[in-house]
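The values are calculated or read from the model by the stated rules, or taken from the named source; none is laboratory data. Predicted, not measured: the structure shown is a model, and the values here were computed from it. Here the Cβ is made from the backbone with ideal geometry for all residues, glycine too, and neighbour counts use every protein chain on show. The protein model used for the area step is the full one, side chains on, heavy atoms only, and it has no ligands, DNA or RNA in it. Shrake-Rupley method; radii C 1.70, N 1.55, O 1.52, S 1.80 Å.
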Amino acid sequence: MLKNNKNILIFLILICLQFCIITAPDWLKINGITPCWPVILLLPFSLRNSRLKSSIAAVWLGVFIDSFTIDDVSYVPSLLLLSVVWSTYRLHNKKIELFLNIGLMAILGTAFVGFSIWIQKIFFYSVLRNNWFHSWSIFVLISEVIITGLVAPFFSSWLLLTYKKN
Amino acid sequence: MIKSRKQIAFNLLLRGRFWVIFLSGALLFGIRWSKGAGYLDLYSVLLKPILPGTAQREWIKEGDNVERSIRLKLLEEDNTRLRRALSLKDFNTGQRISAAVISRSSRNWWQQLEINKGSKDGVLKGLTVIGPGGLIGLIDSVTPLTARVRLLTDPGHQVGAWIDRTQHHGILTGMGTNRPKLIFLNKNSLARIGDAVTTSPASTLLPPNLTIGVVKSVNEKALPSPYAIVQLTASPEAIDWVQILKNNAQK
């Protein structure tokens with residue numbers, strides 16, 4: 001039914017992503033923190049496509065997911081950088097479909113996205129600079145990394161296999 | 001002889017009606033002088049076990065409530081009049097919109113709620129959102145059918161607040177946790193643990209005297225200014241219904 005990778009990504013972003021973000025089911029949370037869905041969706045796409053396509057997808061995904069949050073900081077810069085890194089990784093490493101490898105990449109990607117948001121928050125809100133090492137940030141970062149690391153091996157691997165079949 | 005006369009006189013006095021008349025007169029004088037106090041006291045003592053009864057107690061309470069509500073209304077009207085005279089924001093309890101929470105992200109990078117009332121219902125950006133317990137946040141963005149509430153706990157979110165007891169102003173800053181930080185504007189905050197934190201009566205953005213929380217701890221030595229950690233009275237994680245106050249919109 002879905003003919004190519006682009007259609008799969010469009011379908012997932014327009015239907016599944018917002019559903020996951022808005023409903024945020026409790027059984028998919030750790031300490032109230034949901035997985036980093038853009039990383040989970042972007043990772044397999046970047047691993048199967050060129051830098052340009054991945055970058056465009058990252059910007060699109062980032063802009064889309066930014067619309068569901070308060071307008072202060074953005075996902076776009078970190079996702080853009082990750083898409084470039086993962087696309088480059090695809091060119092140099094053939095064994096990307098390993099189960100744990102995907103999970104590890106998602107964990108590192110989520111940590112990077114989390115750090116990016118954290119730094120942007122500190123940059124935009126001067127009051128957070130007084131004590132920038134917040135327990136809250138560490139809490140969110142670690143919880144998000146863990147839950148993304150648990151979900152990504154299943155979801156991203158399945159997506160990667162689907163892209164390969166197409 | 002003399003002795004026997006005295007005895008006769010004494011017996012006559014004792015046995016005669018003189019004492020009866022004297023005592024009756026004294027009693028009457030006493031009652032008149034005390035205005036029947038003895039009778040009334042006795043009457044109240046006798047009625048004490050049965051008055052006020054259950055019904056009477058209810059009447060009294062009802063009367064008390066009515067009197068208080070009238071007084072409250074008069075005071076509110078007085079307060080509104082004075083606030084208008086000073087060009088301050090009103091706290092109009094009649095203009096509220098009730099809304100249900102349809103999505104919640106109270107512990108993530110962004111701490112927000114989505115509610116099921118939007119611009120079609122008159123919700124505008126900047127309106128105050130309260131829940132059971134007090135202030136929970138402000139409207140951040142609006143769609144025709146929904147609105148996004150930025151919680152007080154959202155990192156970097158700042159609103160003006162004050163401690164009523166000391167009348168010292170501060171800026172309530174979200175730190176990501178359930179306990180935002182109240183950064184005081186004065187060097188000496190005089191705040192104590194347990195002090196109530198409310199919106200400032202002098203605020204031009206928020207309605208006055210909305211409960212925000214209670215001071216949990218105070219750091220007087222902090223630089224550049226002292227701060228207090230505030231425990232919010234309204235928990236965003238447990239609230240399913242909120243109310244939007246329609247009087248401080250940014251049109």
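Some values worked out for this structure:
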read-out: Filtered residues of the range B:125-142 (kept if facing chain A (nearest Cβ under 10 Å) and either within 21 Å of the chain's Cα centre (by Cα) or of a type outside the set (S, T, N, Q) (or both)); value: B:ASP140
read-out: Check on B:SER189, open to solvent by less than 10 Å² (accessible area, probe 1.4 Å), among the polar types (S, T, N, Q), over 21 Å from B:TRP109 (Cα atoms) and over 19 Å from the mean Cα position of the chain (by Cα); value: yes
read-out: Filter result for the condition that a residue is modelled with pLDDT of 85 or more and surrounded by fewer than 21 Cβ atoms within 10 Å (Cβ to Cβ), over A:ILE142, A:ILE117, A:ILE96; value: A:ILE142
read-out: Residue check, B:LEU113 surrounded by 20 or more Cβ atoms within 10 Å (Cβ to Cβ), farther than 20 Å from A:PHE123 by Cα and touching a Lys or Arg at 6+ places or on another chain (Cβ under 7 Å); value: yes
read-out: Filtered residue count, the range B:203-231, keeping only those that are part of a loop (DSSP other than H, G, I, E, B) and open to solvent by less than 60 Å² (accessible area, probe 1.4 Å); value: 8
read-out: Residues located in the range B:143-160, provided they are more than 9 Å from chain A (Cβ to nearest Cβ), assigned to a strand (DSSP E or B) and over 19 Å from B:GLN243 (Cβ atoms); value: B:GLY160
read-out: Number of positions in the range A:125-139 that are in a helix (DSSP H, G or I), at pLDDT below 85 and out of contact with any Phe, Trp or Tyr (no Cβ under 7 Å at 6 or more places or on another chain); value: 6
read-out: The range B:104-124 - residue that is over 15 Å from B:HIS157 (Cα atoms) and touching a residue at least 40 places away in the same chain (Cβ under 8 Å) and, of those, nearest to the other protein chains (Cβ to nearest Cβ); value: B:ARG104
read-out: Hey, B:PRO180 touching a Gly at 6+ places or on another chain (Cβ under 6 Å) and buried (at least 22 other Cβ atoms within 10 Å of the Cβ) or not; value: yes
read-out: Flag if B:ARG68 is more than 13 Å from every other protein chain (Cβ to nearest Cβ), more than 24 Å from B:TRP241 (Cβ to Cβ) and open to solvent by 20 Å² or more (accessible area, probe 1.4 Å); value: yes
read-out: Verdict on B:ASP140 being in contact with a strand residue (DSSP E or B) (Cβ under 7 Å, 6 or more places away or on another chain), over 30 Å from A:LEU141 (Cβ atoms) and free of Cβ contacts under 8 Å to residues at least 60 places away in the same chain; value: no
read-out: Residue list for the range B:164-196, filter: away from chain A (no Cβ under 11 Å), closer than 30 Å to A:ILE117 by Cα and among the aliphatic types (A, V, I, L, M); value: B:LEU182, B:LEU185
read-out: Some residue of the range B:147-156 being modelled with pLDDT of 85 or more, touching a Lys or Arg at 6+ places or on another chain (Cβ under 9 Å) and open to solvent by 10 Å² or more (accessible area, probe 1.4 Å); value: no
read-out: Within the range A:3-83, helices (runs of 4 or more DSSP H) holding 3 or more residues that are modelled with pLDDT of 90 or more and surrounded by fewer than 19 Cβ atoms within 10 Å (Cβ to Cβ); value: A:51-66
read-out: Given (1) within 14 Å of chain A (Cβ to nearest Cβ); (2) in contact with a Lys or Arg (Cβ under 7 Å, 6 or more places away or on another chain), number of the condition B:ILE244 does not satisfy; value: (1)
read-out: Inter-residue pairs, beta-carbon under 7 Å, first over 17 Å from B:ILE171 (Cα atoms) and more than 8 Å from every other protein chain (Cβ to nearest Cβ) and in the range A:120-136, second open to solvent by 30 Å² or more (accessible area, probe 1.4 Å) and at pLDDT below 70, 6+ apart; value: A:ILE122/A:TRP132
